[in-house]
Amino acid sequence: MPTTDAPDAEATAAWHALPAAEALAATGSRPEGLTGAEAAERLKRHGRNRLPEPPRPGPLARFLAQFRNLLIYVLLVAAAVSLALGHPLDAAVILAVVLLNAIVGFVQEGRAEQALAAIRDMLAPRAVVLRDGRRMEIEASLLVPGDVVLLEAGDRVPADLRLLAANGLRAEEAILTGESVPADKSAEPVEPDAPLGDRTCLLFSGTMIVAGQGRGVVVATGGATEIGKVSAMLADVQTLETPLLRQMHAFARLLTVVILAVSALVFGIALLQGRPADESFMAVVGLAVAAIPEGLPAVLTITLAIGVRRMAARNAIIRRLPAVETLGAVGVICSDKTGTFTRNEMVAGAVLTTAGRLAIEGEGYGPQARIAGAAGGEPEPGAAALLRRLARAGALCNDAELKQAEDGQWQVLGDPMEGALLALGARAGIAADAPRLDAIPFDSRHRWMATLHADGEGGRLVAAKGAPEALLALCASEATAEGERPLDAAAWDRGAHELAGAGFRVLAIAEARLPADGAIALDAMPPLTLLGLVGLVDPPRPEAIEAVAECARAGIAVKMITGDHPGTARAIGGQLGLRRTERAMTGHDLEALDDAALREAARGTDIFARTSPEQKLRLVTALQAEGAIVAMTGDGVNDAPALKRADVGVAMGRKGTEAAKEAADMVLADDNFASIAAAVREGRTVHDNLQKVIAWTLPTNGGQSLVVIAAIMLGLALPVSPVQILWVNLVCSVALGMTLAFEPPERDVMARPPRPAEASLLPGILVWRVVFVSVVMAALAFALDLWGASRGLGMAETRTIVVNAMVAMGVGYLFAARQSRGTGFSAEGFRGTPAVWIGIASVAVAQALLTWAPPMNRVFGTAPMGLAEAIACIGSGAALLVLVEAEKAVMRRLAGRGRQQGLA
């Protein structure tokens, strides 16, 4: 039996078997709710009403994880051997490179973790409770066991509740039970062993109230709720290994083997040439450090984290960093309709009366709108009078409430359809000013609602609304501008079908006038007069229409998968600009298809209606079987399999359950399809920037390596010392290479087809450029070395020239690498970004210190140089840029000629 203060975990299973009064007493609460002091004390004891976060690694574990890379292991071994051979400076510089990369990666990952932790605060729902006997609205996270919560249609249940009272209450529990039909709820207890779906006196956190009103006491919060138990099972979803990560791991293994093999060969040759062993080893250490792109893991993390930050600004919260890159390869987006493609705001868009059809052109729930008659002009006086009469009845037969937020936006408390009727009343210029005396709430069995009001003339007014076929059966007459006449039911049936065919949800509105003692009852309703039909629609978001068009230009197929009516789905699909809207497949149609037929249907159909979560999973699997990279949206626990199966699972932030968010890779804070399209754009940008980083890092590292290899092979003195190579690598990797992670999207980023999932990390053109740039850099380095020697400069002065030239060449090549599909010789190319210019300025300061600061001269073996030498260094960077741009122009010309021959 529960305690008298608050429920304990073991007793929660028995709440449905207790009478309402006993349940309330067992929580230590009262009908008027807790006091503020009691709630505060219980909040301290039970904690916030939030699902517990899955365990995450601590700061130390995250920091140590930055070193988990094969290339980093090689560097650490090199540092240890360098120290053992008596070269502490070289070992210290190697460790500085590794440590700096680890710190940068750790900081950026920490920022990403902070963004993910903010999801719950950004999306905190609200709840209406009784505190100190007063009705108030609070954050749902502040609910505690014993709180009395008030609910009505349209509300999301904020915690597990034991109902104390219910009036026509029905809850959509599909996210928990899988039942597609809303469950009827009452305050009566049920058997102790009743299964979850039959516990009709309980409301479960995360489910939705679809009809009626209710009052319940909180019996479980946070992880103790039923949804929390399911969420706990899904919280340990494994991180996906994306194509990029697989390729990076394979690349690291291959590069390590190649570097070690080449280093061993060069070491052997150096020994055969008679060089001292320790000198030969330090040269090989310089070769290894020059060749290893030790900054690449950190740059990968930083680039992904920057993508996370950019997406967060667009209301797309990334839960797993690798999903950022996967978004760039998405070829199919499967999306829900309501709230994602549409506003999730019902609008009365059309009214049909005996005077004709009126168009209501307004947005949201505000009072501003344009009302147009059949010809598009002002409605006739008779039509306007009928509209006002209908709008008043719709506003009276209503349990919702409209309020204006601080930002000026109107919001609905209650059923969105009822909110649309209230907005219609305001737009028609009427006020619901008749006091309510009685009501028959909506129920799925009779499918209408009626209210009784005191009329200002001493009589009573009945206002009713409901499904056309149900309400027409209660009507004996219809209203006209001249008065009432017998009902033409067939004409109204045709009108209802026409509105439904246009994508509207149709409600019939009726009224009746009664004497002062008149009453209403479910089985004794007076004959009603039909006032007209209202067409309600959740209009598409303008930004979603543009996003669908952008996806089409990007070669991304968009599929609408909804539980809504096929006609409504097709109408919205047409407004959105989906390609194939002439047909909508239903879940029933899908059940009849085998796997092969389903793959064909998934490929050739854009709209799927009346689908269940299980059918969503089948559709995702079928699309993946066709080779597509699929992004999938979902909001319920039962959507978790499809979210996990999809390459990128996208959970709805506002209407989604915590379980869905745990199963997803991305959470939409605004439930907006445009945010998915924007995230794909950012994903493509992230991949482009990663390619730019690789395209810059490998050739510059290759040039440094080739200098060492060539010098040893030719029996020459090294143009740069090992510690100087470490310096170049440190400066270039940190200050220059990471600037490419901040590059903005290229102009054609959403004009290209999706990238194949298994596209090579090192395409042929990049392999060629690594060789080309490496050879040019090495040639220029040796040329400057010979030039310095010919001028009688000492080894320190000559090596200083070569070190500065290699950094300058890194800067020059940076401008070429930034424009992967264009030329660096352009205003856009030279304009750069703030990150680029900050990086170049940092490098300039570092090189000035290396060259002219006496302490740096002593540590790194450098010497001051003159103006002519400085100009030669800068010229080498410009020369590399010119040569690479010439090579790019030749390659573009050859590629264009190849395409022309292919077309011929």
- Note on the structure: Among (1) within 30 Å of I572 (Cβ to Cβ); (2) of a type in the set (G, A, S); (3) in contact with a Gly (Cβ under 9 Å, 6 or more places away or on another chain), G518 falls short only on (1)
- Take segment 667-681 and flag every residue that is in contact with a helix residue (DSSP H, G or I) (Cβ under 6 Å, 6 or more places away or on another chain) and crowded, with 24+ Cβ neighbours inside 10 Å. V667, L668, F673, A677, A679, V680
- Condition met for G563 (outside the structural domain of G425 (by TED's automatic domain parsing), surrounded by 14 or more Cβ atoms within 10 Å (Cβ to Cβ) and assigned to a loop (DSSP other than H, G, I, E, B)): yes
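Answer yes or no as to whether A735 is assigned to a loop (DSSP other than H, G, I, E, B) and among the small types (G, A, S).
The answer is no for A735.
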- Note on the structure: Conditions (1) modelled with pLDDT under 75; (2) assigned to a strand (DSSP E or B); (3) hydrophobic (A, V, I, L, M, F, W, C) -> A659 fails only (2)
- Look at L598 and say whether it is not aromatic (F, W, Y) and not in a loop (DSSP other than H, G, I, E, B). yes
- Identify all residues within segment 769-814 that are without any contact (Cβ under 8 Å) to a residue 60 or more places away in the chain, in a helix (DSSP H, G or I) and not small (G, A, S); write none if there are none. L786
- Message: Go through segment 359-368 and report how many residues are acidic (D, E) and either touching a Gly at 6+ places or on another chain (Cβ under 7 Å) or touching a residue at least 60 places away in the same chain (Cβ under 8 Å) (or both).
- Response: 1
- Item | Residue match in segment 278-296 (condition: modelled with pLDDT of 80 or more, of a type outside the set (S, T, Y) and assigned to a loop (DSSP other than H, G, I, E, B)) | no
- For segment 315-358, which residues satisfy the criterion of being closer than 22 Å to P539 by Cβ, out of contact with any Gly (no Cβ under 7 Å at 6 or more places or on another chain) and not in a strand (DSSP E or B)? N315, D336, K337, T338, G339, T340, F341, R343, N344
- Collect the residues in segment 488-521 that are farther than 19 Å from V462 by Cβ and assigned to a strand (DSSP E or B), keeping them in residue-number order. R505, V506
- From the residues in segment 319-355 that are surrounded by fewer than 23 Cβ atoms within 10 Å (Cβ to Cβ) and of a type in the set (K, R), which one is nearest to R553 (Cα to Cα)? R343
- Note on the structure: All conditions in (1) under 30 Å from V332 (Cα atoms); (2) buried (at least 22 other Cβ atoms within 10 Å of the Cβ) are true of G764 except (2)
- Query: Is at least one residue of segment 717-731 on the phi > 0 side of the Ramachandran plot and more than 40 Å from the chain's Cα centre (by Cα)?
  - Reply: no
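Does segment 732-755 include one or more residues that are among the polar types (S, T, N, Q), under 18 Å from I840 (Cα atoms), buried (at least 22 other Cβ atoms within 10 Å of the Cβ) and over 36 Å from the mean Cα position of the chain (by Cα)?
No, every residue in segment 732-755 fails to be among the polar types (S, T, N, Q), under 18 Å from I840 (Cα atoms), buried (at least 22 other Cβ atoms within 10 Å of the Cβ) and over 36 Å from the mean Cα position of the chain (by Cα).
Working carefully through the options E614, E600, E626, find the one that is touching a Gly at 6+ places or on another chain (Cβ under 9 Å) and either farther than 30 Å from A502 by Cβ or not assigned by TED's automatic domain parsing to the domain that holds F204 (or both).
Being touching a Gly at 6+ places or on another chain (Cβ under 9 Å) and either farther than 30 Å from A502 by Cβ or not assigned by TED's automatic domain parsing to the domain that holds F204 (or both) holds for just one of E614, E600, E626, which is E614.
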- So is R310 in a loop (DSSP other than H, G, I, E, B), at pLDDT 80 or above and buried (at least 16 other Cβ atoms within 10 Å of the Cβ) or not? no
- Looking across segment 364-388 at residues that are under 44 Å from the mean Cα position of the chain (by Cα) and of a type in the set (A, V, I, L, M, F, W, C), the single one that is modelled with the highest pLDDT is L387
- Within segment 522-556, residues among the acidic types (D, E) and assigned to a helix (DSSP H, G or I) come out as E543, E546, E550
- Task: Report yes if some residue within segment 491-506 is under 17 Å from P527 (Cβ atoms) and either at pLDDT 90 or above or buried (at least 23 other Cβ atoms within 10 Å of the Cβ) (or both); otherwise report no.
- Result: yes
- Residue ID - modelled with the highest pLDDT, chosen from residues in segment 852-904 that are polar (S, T, N, Q) and under 26 Å from V767 (Cα atoms): S876
- Output the residues belonging to segment 384-401 that are in contact with a Leu (Cβ under 7 Å, 6 or more places away or on another chain) and surrounded by fewer than 22 Cβ atoms within 10 Å (Cβ to Cβ). R389, A400, E401
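The values are calculated or read from the model by the stated rules, or taken from the named source; none is laboratory data. Bear in mind that the values here come from a model prediction, so they are computed numbers and not experimental data. As a convention, Cβ positions derive from the backbone with ideal geometry for all residues, glycine included, and neighbour counts pool all protein chains shown.
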